[in-house]
Amino acid sequence: MFSRTSSLTALSRSCRYLLRPNNNIQRASFSLTARSHAAINAAMADTSGITVDSLKNKLTEALQAQHVEVEDLSGGCGQAFQAVIVSPQFESKTMLARHRLVNSALKAEIAAIHAWTPKCYTPEQWQALQH
């Protein structure tokens with residue numbers, strides 16, 4: 001086995017090697033090629049294809065919703081949505097059961113987007129919030 005002194009000496013030498021300034025290293029400049037620019041622009045332009053109107057229509061039909069407000073929080077690229085949904089189907093359901101009902105109605109759409117925040121209310125709850 002190694003003695004404690006020789007281990008510390010070896011560690012000390014390796015640390016000095018790693019920490020010493022090396023003036024021979026040339027710093028590479030960072031630049032993007034035209035191909036890299038094209039890939040970045042394509043990734044940034046990629047949208048989910050999901051729109052506020054498509055979500056509204058699907059929720060209204062699937063849940064017989066009386067009121068639906070959908071907001072695109074992603075600046076128009078269709079990756080993050082927030083919704084207020086008022087439906088009589090939410091009666092006597094817990095918040096988790098309501099969210100599961102909404103998520104099952106929008107299964108394909110939720111798989112294509114990054115963030116989805118539903119706020120689910122019964123008609124009575126929604127009426128109380130309006131006053």
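The values are calculated or read from the model by the stated rules, or taken from the named source; none is laboratory data. Treat the numbers as computed from the prediction; the structure is a model and nothing was measured. For accessibility, only protein heavy atoms count, side chains too; no ligands or nucleic acids. Shrake-Rupley method; radii C 1.70, N 1.55, O 1.52, S 1.80 Å.
What to note about this one:
- Placed amide H near Lys119: partners under 5 Å, 5+ positions off or other chain: Ala83, Val84, Ile85
- Overall, the accessible surface of the range 52-130 at a probe of 1.4 angstrom is composed of carbon and sulfur to the extent of 51 percent.
- Cα point-scatterer Debye curve for the range 52-130, base-10 log of I(q)/I(0) at q = 0.16 Å⁻¹: -0.54
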